[in-house]
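A short write-up of the structure that comes next.
Derivation of every value follows stated rules applied to the coordinates shown; laboratory data play no part. Predicted, not measured: the structure shown is a model, and the values here were computed from it. FYI the Cβ positions are ideal-geometry reconstructions off the backbone, even for glycines, and counts take in every protein chain you see.
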Amino acid sequence: MKKTIFITGASTGIGKATALFFAAKGWQIAATMRNTAGHDDLRSNPDIKLYALDVTDVGSVHNVVKAAVADFGAIDVLLNNAGYGLVGPLETASADTVLKQFDTNLFGVIRTIQEVLPVMKKQKHGVIINITSIGGLVAFPFNSLYHATKFGLDGLSESLKYELKPFGIQMKVVAPGGVITDFAGRSLHTTIPAGQKTDYDNDVAKVWAAFEGGAANYSTAELIAEIIYNAATDGTDRLRYLAGKDAEALYAAWKQMDNESFFNMVNERFGLA
């Protein structure tokens, strides 16, 4: 019997690559996204079914999970991938901007997990994989709100590892570094209102230039999809999977260096020394 994975944020990037990767491995995929128009490459695959899902809407999450279970009979793996980046100074972020970041990146994950847990408990098995980021373990300048959601998601996942084990449910975290997707375009937002000048503009420009300069070391979405597949199928209790050589190198430096040395290195790398 084919297994089923439920993916949020499957329209592009990591989510889409994962849907196609699992389908090639013989899985059934509930591919969810805010807008299902188009996406013929996904729709044409007989093992992939598209669902319109807004993770910020409790009713939407409930209805789509219910529909996926009715269509496929089970959810063996839940991949929480939907999310977006928010960059810029904390000072310039509106209350609505802050809320939207948390509502999607953190609260949306919580909603989806809460809806899927009764299904997995009834099955007596399941794997939940949360896509965090190296930014859920290490912080960079002008990403404070994004880091707050990803650090929160990492902590949520670590606690759930203990909580869900008695029910046969594995908790996993995949933490990519830089990924060659359209994340920096479609999925990146700024805290600075359009046209507004701030005291931080020069430093923000330096940080953004440094991120763009490191793109040669970024991973493909297909590589991340393979790591997600390994996490879903390796049968271990391992919690964290770093994804990408840049993520591995950065986290190794974080663990090996004292805090002040690491902070100085980041300042130098981003031109803020």
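Tell me, in nm to one decimal, what length is gained between Thr198 and Ala249 on full extension, where the rule is 0.36 nm per residue of separation less the Cα-Cα distance? Could you put the intermediate results ahead of the total?
On the way: separation 51, 0.36 × 51 = 18.36 nm, distance 3.31 nm.
Net length gain for the segment: 15.1 nm.
Result for the chain in a Gaussian network model with C-alpha springs under 10 Å: among Asn143, Asn130, Asn202, the largest mean-square fluctuation is at Asn202.
The distance linking segment 1-26 with segment 30-101 is 13 Å (Cα centroid to Cα centroid, whole angstrom). Over the residues of the chain, the helix contribution to mean residue ellipticity at 222 nm works out to -14500 deg cm²/dmol, using -39500 (n - 2.57) for each DSSP H run of at least 4.
Amide H contacts under 5 Å for Ile180: Ser219, Thr220, Ala221, restricted to partners 5 or more places along the chain or on a different chain, H placed in the peptide plane at 1.01 Å from N. Only Cα pairs under 8 Å and 6+ residues apart enter the sum, and on that basis the relative contact order of segment 50-165 stands at 32 percent.
Taken about its Cα centre, segment 48-141 carries a charge dipole of roughly 440 debye when the Cβ of each Lys and Arg holds +1 and the Cβ of each Asp and Glu holds -1. Structure remark: mean-square fluctuation, Gaussian network model of the chain, C-alpha springs under 10 Å; the largest value among Ala252, Ala231, Ala93 belongs to Ala252.
Extents of the chain, largest first, come to 57, 41, 31 Å (Cα atoms, principal axes, whole angstrom).
Pairs exceeding a 18 Å alpha-carbon distance, out of Lys3/Lys122; Lys25/Lys49; Lys16/Lys49; Lys124/Lys165; Lys150/Lys172; Lys25/Lys121: Lys25/Lys121. Span-like helix check, the chain: qualifying full DSSP H segments, with Cα axial length of 24 Å or more and mean Kyte-Doolittle of -0.5 or more, are 144-164. Taking the chain as a Gaussian network, where each spring joins two C-alpha atoms under 10 Å apart, which residue of Thr220, Thr149, Thr112 fluctuates the most? Answer for the Gaussian network model of the chain: Thr220. Applied to segment 131-142, the Karplus parametrisation 6.51 cos²θ - 1.76 cosθ + 1.60 on θ = phi - 60° returns per-residue 3J(HN,Hα) values of 7, 9, 3, 4, x, x, 10, 9, 10, 10, x, 6 Hz, with x for Gly and Pro. When its C-alpha radius of gyration is set against 2.2 N^0.38 Å (N residues), segment 124-248 gives a value of 1.22. Computed over the chain, relative contact order equals 20 percent, with contacts defined as Cα pairs under 8 Å that lie 6+ residues apart. Extension gain for Val58-Ser44 works out to 2.1 nm (0.36 nm per residue, less the C-alpha to C-alpha distance). Among Met257, Met120, the order by Cβ neighbours within 10 angstrom, fewest to most, reads Met257, Met120. Think of each Lys and Arg Cβ as +1 and each Asp and Glu Cβ as -1; about the Cα centre, that makes the dipole of the chain roughly 960 debye.
Computed over segment 45-174, the P(r) tail beyond 26 angstrom holds 26 percent of alpha carbon pairs.
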